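See below for the structure under consideration.
The values are calculated or read from the model by the stated rules, or taken from the named source; none is laboratory data. Nothing here was measured: the structure is a model prediction, and the numbers come from that model. Cβ placement follows ideal geometry from the backbone for every residue including glycine, while neighbour counts extend to all protein chains displayed.
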Amino acid sequence: MPSTVADGVVRAPALAEVALPARTVAELLERNAADPVVGSRPALRFGEQAWSHAEVLGEARRYAALFRRRLDPGRPPHVAVLLDNTPDYVFALCGAGLAGVAVVGLNTTRRDEHLAHDVAHTDAQLVITEPRHGALLAPVTARVALPGGVLLTRRFADAADPDADVVPGAASLEEELAAAGAGAGSAPGEVAPPDTGPDTLWALLFTSGTSDAPKAVRCTQGRLLGTGARMAAMLELGPDDVGYAAMPLFHTNSLMAGLAPALVAGATLSLARRFSASRLLDDVRRYGVTWVNYTGKALAYLLATEARPDDATTTWRIAFGNEGSPGVVEAAAARFGIRVVDVFGSTEGAIALDRSGGPPRGSVGRLRQGVAVVDPDGNEVARARFGPDGALVNAEECVGELVNTDGVGPFEGYYRNEAAMARTTRGGWYWSGDLAYVDAEGWVYFAGRTSDWLRVDGENFPAGPVEAALGRHPDVALVAVYGVPDADAGDQVMAAVVLRTGAAFDPAGFAAWVNAQGDLSPKWRPRYVRVGAGLPTTPTNKVLVRRLVHDKVRADRVGGDALYVRARGDAAYRPFGTADEAALRAAFAAAGRARLWDL
């Protein structure tokens, strides 16, 4: 039976076929708390503090009672959370699960009208925040009606939090929890509405928005618990395992590869407020971490830290995430003595690839039934062909969009976004917005987003393979490849790089190295190179390519980063200076393309 779409909600019968560890969040938390082995063991750790599974259930019941007191039953039962990764975030999620409430995970980097839009769009009645983020709520409270108000928690405040009252009119979360007490909803089954079940909405998770406006993805209790069960099985987790969640809990990665499998397995989850490459290995040793979830460039940042003699002999055994380049994945596995499972993934979760049989280097998995790579009209593209040096020789005909022709899989729809739903599910398929190509054996290679196409001198190609090639340079710690407008037509290739500690950019040496890479055809070689201390990223370490594209080679936008240029035929890169910028600006104007420079 195919999935159906109605009122912006995707109903996928496949979810009902998943062997869930419990029907609901309430059943799972109560099972863990009552288990004679698991109940008294740590479920959550944060700094020097720890909570057992029984104590997490107690905190969740207090939150559930609070939600019942403050939410208007005539409105959608949605609560927004604007917090770092603190125990209050986990308690709020668990309490929401008990009460049949949905948590809206707010991105702490969103500002002003964008943050206000996220709150209003998701029909949040109440916002929970902490002092360090309180000032962000001023434009929200001015624009959006919040019948449940704002609750400010200082339970886990530290030196980075202001002492002043940063949210005028906010109530104290601690006082509200005390008022809710352990009375109403303290006994099993008293909190959740009678119709709470696997189909009850539990979270609204925004997509990363690296190349488009974020969309709120619906996640029910059934989907998150089912995903947690699959992840726990894949990672071979049990009660003795300890996870480490440094990716933000407002993102799917930490929920589906951190919290959900920890709850399902009766394991321990250790929280880091935010990702820090310099602190992660210390925390691994401190907590006895066995699995880590990551996204984006996290592994690359970790590899840039100073190596220690015991890096490969800690308790850490597996990392699960996505968007790690082949070289980074291999280097991380070797240095830390771990297994790295780097997969194709998205918040929607509508496409699954087969990783059995050992994917070749750089592949994210093999095609499964119903998964294809197609052109804009839905026609399957040609298989990838490679030259003797490994170069992709038919990018224009083999790169397409990754789709699920069988339907939407576990994706349950976007909240109140019919236009996005229509684009994503057109023709009854799920269109991922991700570029890929497939080799003769069916192995899939990620090639970027659909917005990552470049057109140089009439040739179309994706940024992904160029980025993967440049990432092999021994001095490059991080790299992003993107197109910037050419003064005459199409694009020019630009690379933003972060060098390893102690390395310096060698204009002639870098050009010679690029020339020697067989899989970088002349048109794929970067015209411009930007060298800086970091790349603009989301909280999940995904590079904000749209910001790099906006910066172009404009000195007023790149800050103190160094810019280099290399014309075709030149033996070396050279600094791109004030005179170069003035000449390029004039060339855009002369070609009638000045608006592209000004964008």
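Details
- Of residues in the stretch 545-584 being of a type outside the set (Val, Ile, Thr), in contact with a strand residue (DSSP E or B) (Cβ under 6 Å, 6 or more places away or on another chain) and in a loop (DSSP other than H, G, I, E, B), the one farthest from residue 479 (Cα to Cα): 576
- Any hit, the stretch 505-519, residues being under 16 Å from residue 491 (Cβ atoms) and modelled with pLDDT of 95 or more: no
- For residue 26, the test of being touching a Ser or Thr at 6+ places or on another chain (Cβ under 8 Å), modelled with pLDDT of 95 or more, part of a helix (DSSP H, G or I) and not assigned by TED's automatic domain parsing to the domain that holds residue 413 is passed.
- Residue check: residue 495 meets all listed conditions (1) in a strand (DSSP E or B); (2) surrounded by fewer than 20 Cβ atoms within 10 Å (Cβ to Cβ) but one, namely (2).
- If you check 207, 290, 305, 268 for being more than 16 Å from residue 97 (Cβ to Cβ), buried (at least 24 other Cβ atoms within 10 Å of the Cβ) and among the β-branched types (Val, Ile, Thr), only one passes: 268.
- Residue ID - farthest from residue 580 (Cα to Cα), chosen from residues in the stretch 520-535 that are of a type outside the set (Val, Ile, Thr) and at pLDDT 95 or above: 532
- Across the stretch 475-500, the qualifying residues are those that are β-branched (Val, Ile, Thr) and in contact with an Asp or Glu (Cβ under 7 Å, 6 or more places away or on another chain), and the one among them that is farthest from residue 585 (Cα to Cα) is 479.
- Look at the stretch 309-336: where a residue is within 14 Å of residue 446 (Cβ to Cβ) and a partner is modelled with pLDDT of 95 or more, sitting 6+ places away or on another chain with Cβ atoms under 7 Å, you get 321/293.
- Inclusion of residue 412 among residues that are at pLDDT below 90, surrounded by 22 or more Cβ atoms within 10 Å (Cβ to Cβ) and closer than 25 Å to residue 231 by Cα is not warranted.
- A residue that is in contact with a Cys (Cβ under 9 Å, 6 or more places away or on another chain), more than 23 Å from residue 195 (Cβ to Cβ), touching a residue at least 24 places away in the same chain (Cβ under 8 Å) and among the aliphatic types (A, V, I, L, M) cannot be found anywhere in the stretch 80-95.
- Tabulated pairs, the stretch 493-522, first outside the structural domain of residue 389 (by TED's automatic domain parsing), second part of a helix (DSSP H, G or I) and acidic (Asp, Glu), C-beta under 9 angstrom, 6+ apart or interchain: 495/467; 496/551
- Test: residue in the stretch 462-481 that is outside the structural domain of residue 574 (by TED's automatic domain parsing), more than 17 Å from residue 373 (Cβ to Cβ) and surrounded by fewer than 18 Cβ atoms within 10 Å (Cβ to Cβ): no
- When each of 387, 362 is tested for being within 21 Å of residue 319 (Cβ to Cβ) and in contact (Cβ under 8 Å) with a residue 60 or more places away in the chain, the lone residue that passes is 362.
- Residue 201 being closer than 25 Å to residue 23 by Cβ, under 15 Å from the mean Cα position of the chain (by Cα) and touching a residue at least 12 places away in the same chain (Cβ under 8 Å): no
- Filtering the stretch 352-374 for residues that are outside the structural domain of residue 520 (by TED's automatic domain parsing), in contact with a helix residue (DSSP H, G or I) (Cβ under 8 Å, 6 or more places away or on another chain), acidic (Asp, Glu) and surrounded by 15 or more Cβ atoms within 10 Å (Cβ to Cβ) leaves an empty set.
- Taking the stretch 206-298 as the region of interest, the helices (runs of 4 or more DSSP H) fully inside it that hold 2 or more residues being of a type outside the set (Lys, Arg) and farther than 25 Å from residue 196 by Cα are 221-234, 277-287.
- Among the candidates 29, 44, 57, residue that is of a type in the set (A, V, I, L, M, F, W, C) and free of Cβ contacts under 8 Å to residues at least 40 places away in the same chain: 57
- Helices (runs of 4 or more DSSP H) (entirely within the stretch 64-136) containing at least 3 residues that are surrounded by fewer than 21 Cβ atoms within 10 Å (Cβ to Cβ) and out of contact with any strand residue (DSSP E or B) (no Cβ under 7 Å at 6 or more places or on another chain): 112-121
- Residue in the stretch 530-537 that is out of contact with any strand residue (DSSP E or B) (no Cβ under 8 Å at 6 or more places or on another chain), of a type in the set (S, T, N, Q), surrounded by 12 or more Cβ atoms within 10 Å (Cβ to Cβ) and closer than 22 Å to residue 296 by Cα present: no
- Restricting the search to helices (runs of 4 or more DSSP H) fully inside the stretch 325-431 and requiring at least 1 residues that are closer than 21 Å to residue 518 by Cβ and in contact with a Pro (Cβ under 7 Å, 6 or more places away or on another chain) gives 395-398.
- If you go through the stretch 86-101 and keep only what is within 22 Å of the chain's Cα centre (by Cα) and aliphatic (A, V, I, L, M), you end up with 90, 92, 93.
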